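Have a look at the structure below before the remarks.
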Amino acid sequence: MQIYICVKHVPDSAANITIVEKNRIDENLTFLLNPYDEHAVTEAVRIKDNLPDSEIVAVCLGKDDAEKTLRSAMAMGADRGLLIASDKNHDSIETAQALKAAIEQDGNPGLIFTGKESIDAEGMQTMFRIGALLDLPVATNVVNLDIEAGRAVVDCALSGGTANTYELSLPCVIGAGRGLNTPRYPTFPDVVKSKKKPVKKIAFYDLKIEPSKAGMKIVELEPLLQKREPKEIKGDAGEVAKKILRILKDEARVI
Amino acid sequence: MMKNIGIIIELDNGKIKETNFGMITLARAKDTELFAVVMDADAASVKEDLELFGITKIVEVCLSKDQQANPVVRAKVIINVIKAYNICAVFGLSTATGKDLLPRIAAFLEASLVMDCYAVDLEQNLVKTSQYSGKTIATIKVTGDVLVFGVRPNAVEPVKAQASARIVKLKLDESNLVAKGFRVIKTSEVDESTNINLVEADVIIAGGRGMKNGDNFTILSKCAEKLNAAVGASRVAVDAGWVPYSMQVGQTGEKVSPMVYIACGISGSVQHFAGMKTSGMVIAINTDGNASIMSNCDYYVKADALEIIPELIKHLEND
Ligand SMILES: Cc1cc2nc3c(=O)[nH]c(=O)nc-3n(C[C@H](O)[C@H](O)[C@H](O)COP(=O)(O)OP(=O)(O)OC[C@H]3O[C@@H](n4cnc5c(N)ncnc54)[C@H](O)[C@@H]3O)c2cc1C
Ligand SMILES: Nc1ncnc2c1ncn2[C@@H]1O[C@H](COP(=O)(O)O)[C@@H](O)[C@H]1O
């Protein structure tokens, strides 16, 4: 089975974001493999352990330096990489179209993985768009996956620790949630090996994506300013408790 | 020109969730007609509540139990509604259910979608949401024939606007509702009576490494019960196995906007802030006055949370 994993090259969540030209961020910072996509890679490797004939292909739409993220995915176990190179930022409609076109051009997906969301755009939608374009069933926030007899049985996490169980026919699109597994971080030899794995580069514009009439364009980015002015609550434990209660009652009005 | 707006109402055991009213308030705009779509109850039972907030049409859709549970079928129902009533914008909640429904609708229609938004301008088609782990606010221009919005629960203050509503029953064409290759095996019923939903809670009391062990979280639960609050946690508390992942607040956990967030033994990492910085009031209890949450909150207590919380419970009991 060919397993495709869509991996996104995203700014490190711990990095400070600087806004430039009103609607972009200064990209001079550490980028890495989107955390949820790590769960996707790990799961694909687990599946390959049971189906050794499988091939795992990591696909990324990004700038040239997104190759680094493909290498991370390969160090975690992907067999090769596919970089759709573009120097622009694309919304999830274009992204899904590009990922779909590149995957179709490359092979025959038995399974497509994504993360449940990217931590930069926080779009929560690319997996559904890929599924719709390929006419495949989709599940997101998947925390348990069993592949059996031509179908996938998945648990999708809801709030409160509960989950729904769905059955999807194969091929299908799986959006990995955090409960799915514990990412297997690469060892030094894995990293060395990943450097020798092949990465095929294609240009976004060579995919000849038809422009969509729908779109989402960022017109402005602003830092989320913290306007809070901390005030100290002093006293012994009893006094503090009383003061907190008063604040909850009179100021926040929640009790 | 009059615009028709669709609003997907989320119910819980046949009752309207409070957080729908903020969403309706957000969707209200000049020259619009508001269509509420009710898929899980008879429209008459929720009519008065919806009228109070300005709904003028209630679309009642009758689904079998099987269909109700299937997010693909639900998405196709909404697409039927969009076509039947010429709807140009659809609002739903960015809850766990919404995250599995709204993107399906947008994907099937190749329509624009912004999830977790808290401001929408339907005249200029501008939406505000957070990006980059909650560190920035993005204003996004959306285009297309149909716009889909996932509204962050609790992010908009509900404002009443009495209207009177008419119930319309939509007859569905079953052949349009096929969920290809997607079958529901089991759905879980969330027992809301014992487990207050984290993303919809008005008050959250959360614990981190400073809680020291899983047992101490029962103290938080006890306090939460008295406050009608939900219990949250930092990733450290989850990774240590003290509490389940479903309680994690942050960039890789739930994004919450309660009226009050009480952080106990949580340092306030960027990733934790990503999940709770839009809270109304933040109260931090931490032994370390230099913890970053102490300079990013409304009230702070420099003390042992394990001493403060039991006192708080005592006072709540005597109240
Ligand atoms: C990709 C990525 C994603 C992440 N996602 C998340 C996420 O979603 N959510 C999240 O929370 N974290 C997340 N993290 C982890 C995050 O970076 C921090 O490690 C974590 O938030 C710290 O948790 P904490 O505040 O409980 O622990 P610490 O940072 O260790 O803080 C413990 C605090 O408790 C105080 N304390 C100790 N004893 C007491 C006491 N008795 N009473 C009161 N205070 C006391 C200490 O002074 C300290 O400030 C993520 C990290 C990465 C790299
Ligand atoms: N540019 C991209 N390249 C590869 N995969 C992507 C890209 N953008 C989004 N994805 C995938 O889609 C998932 C959801 O992204 P989003 O819809 O932006 O939240 C991510 O976890 C990735 O797996």
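The values are calculated or read from the model by the stated rules, or taken from the named source; none is laboratory data. Remember, it's a predicted structure, so these values are computed and weren't measured experimentally. Using ideal geometry, Cβ is built from the backbone for each residue, glycine included, and neighbour counts are taken over all protein chains shown.
Residues considered: B:Y300, B:Y261, B:Y245. Of these, the only one that is more than 16 Å from ligand 2 (Cβ to nearest atom), farther than 20 Å from B:E225 by Cβ, surrounded by 17 or more Cβ atoms within 10 Å (Cβ to Cβ) and under 22 Å from the mean Cα position of the chain (by Cα) is B:Y245. Checking each residue in the stretch A:245-255 for being assigned to a helix (DSSP H, G or I) and either within 7 Å of another protein chain (Cβ to nearest Cβ) or buried (at least 18 other Cβ atoms within 10 Å of the Cβ) (or both) picks out A:L245, A:I247, A:L248. How many of the residues in the stretch B:281-301 are within 7 Å of chain A (Cβ to nearest Cβ) and touching a residue at least 12 places away in the same chain (Cβ under 8 Å)? Summing the residues that are within 7 Å of chain A (Cβ to nearest Cβ) and touching a residue at least 12 places away in the same chain (Cβ under 8 Å) in the stretch B:281-301 gives 10. Applying a threshold of 9 Å to beta carbon distances and a minimum spacing of six or more residues, or different chains, the list of pairs starting in the stretch B:243-256 at a residue that is at the interface with another protein chain (Cβ under 9 Å from one of its Cβ atoms) and more than 8 Å from ligand 1 (Cβ to nearest atom) and ending at one that is assigned to a loop (DSSP other than H, G, I, E, B) and among the polar types (S, T, N, Q) reads B:S246/A:T162; B:K255/B:S94; B:K255/B:T278. Flag: B:A284 does not match the condition of being crowded, with 19+ Cβ neighbours inside 10 Å, of a type outside the set (V, I, T) and assigned to a helix (DSSP H, G or I). Which of the following residues is crowded, with 22+ Cβ neighbours inside 10 Å, of a type outside the set (D, E) and in contact with a helix residue (DSSP H, G or I) (Cβ under 6 Å, 6 or more places away or on another chain): A:A102, A:A96, A:A66? Going through A:A102, A:A96, A:A66 in turn, the sole match is A:A96. The single condition from (1) surrounded by fewer than 24 Cβ atoms within 10 Å (Cβ to Cβ); (2) away from every other protein chain (no Cβ under 14 Å); (3) outside any helix (DSSP H, G or I); (4) within 14 Å of ligand 2 (Cβ to nearest atom) that A:D120 fails is (2). The set of residues in the stretch A:91-111 that are of a type in the set (V, I, T) and within 13 Å of another protein chain (Cβ to nearest Cβ) comprises A:I93, A:T95. Candidates in the stretch A:31-58 are the residues that are assigned to a helix (DSSP H, G or I) and within 13 Å of ligand 1 (Cβ to nearest atom); of these, the one that is surrounded by the fewest Cβ atoms within 10 Å (Cβ to Cβ) is A:P35. Within 21 Å of A:E210 (Cβ to Cβ), touching a Ser or Thr at 6+ places or on another chain (Cβ under 8 Å), within 14 Å of chain B (Cβ to nearest Cβ) and surrounded by 24 or more Cβ atoms within 10 Å (Cβ to Cβ), is that true of A:T114? Considered against the rule, which asks whether it is within 21 Å of A:E210 (Cβ to Cβ), touching a Ser or Thr at 6+ places or on another chain (Cβ under 8 Å), within 14 Å of chain B (Cβ to nearest Cβ) and surrounded by 24 or more Cβ atoms within 10 Å (Cβ to Cβ), A:T114 comes out as no.
Can you confirm whether B:A107 is within 8 Å of chain A (Cβ to nearest Cβ), of a type outside the set (V, I, T) and buried (at least 24 other Cβ atoms within 10 Å of the Cβ)? In short, yes.
Within the stretch A:101-155, being within 16 Å of ligand 1 (Cβ to nearest atom) and without any contact (Cβ under 8 Å) to a residue 12 or more places away in the chain holds for one residue alone: A:E122.
The helices (runs of 4 or more DSSP H) found wholly in the stretch B:3-83 and carrying at least 2 residues that are at pLDDT below 95 occupy B:65-68.
Taking the criterion of being in contact with a helix residue (DSSP H, G or I) (Cβ under 6 Å, 6 or more places away or on another chain) and modelled with pLDDT of 95 or more, the residues of the stretch B:189-209 that qualify are B:V203, B:I205, B:G207, B:G208, B:R209.
Only one entry in A:I103, A:I84, A:I112 is within 20 Å of A:C172 (Cα to Cα), within 13 Å of ligand 2 (Cβ to nearest atom) and part of a strand (DSSP E or B), namely A:I112. Total residues in the stretch A:178-218 satisfying the condition of being aromatic (F, W, Y) and at pLDDT below 95: the figure is 1. So for the stretch A:158-173 (the condition being closer than 30 Å to B:V249 by Cβ, of a type in the set (A, V, I, L, M, F, W, C) and touching a residue at least 40 places away in the same chain (Cβ under 8 Å)), does at least one residue qualify? Looking through the stretch A:158-173, at least one residue is closer than 30 Å to B:V249 by Cβ, of a type in the set (A, V, I, L, M, F, W, C) and touching a residue at least 40 places away in the same chain (Cβ under 8 Å).
Here A:K63, A:K88, A:K22, A:K68 are screened, and the one residue that is more than 16 Å from ligand 1 (Cβ to nearest atom), away from chain B (no Cβ under 14 Å) and closer than 28 Å to B:H272 by Cα is A:K68.
Look at the stretch B:225-242 and say how many of its residues are on the phi < 0 side of the Ramachandran plot and away from ligand 1 (no atom under 11 Å from the Cβ). Residues in the stretch B:225-242 being on the phi < 0 side of the Ramachandran plot and away from ligand 1 (no atom under 11 Å from the Cβ): 6 in total. Of the residues making up the stretch B:120-132, not a single one is buried (at least 24 other Cβ atoms within 10 Å of the Cβ) and under 21 Å from B:V38 (Cα atoms). Check whether at least one residue in the stretch A:187-204 is facing another protein chain (nearest Cβ under 8 Å) and surrounded by fewer than 17 Cβ atoms within 10 Å (Cβ to Cβ), and report yes or no. No: the stretch A:187-204 contains no residue that is facing another protein chain (nearest Cβ under 8 Å) and surrounded by fewer than 17 Cβ atoms within 10 Å (Cβ to Cβ). The sole residue among B:A179, B:A155, B:A138, B:A69 that is within 30 Å of A:R24 (Cβ to Cβ) and facing another protein chain (nearest Cβ under 8 Å) is B:A138.
Condition test on B:A291, is it away from ligand 2 (no atom under 16 Å from the Cβ), within 21 Å of A:K231 (Cα to Cα) and touching a Cys at 6+ places or on another chain (Cβ under 6 Å)? So B:A291 fails the test.
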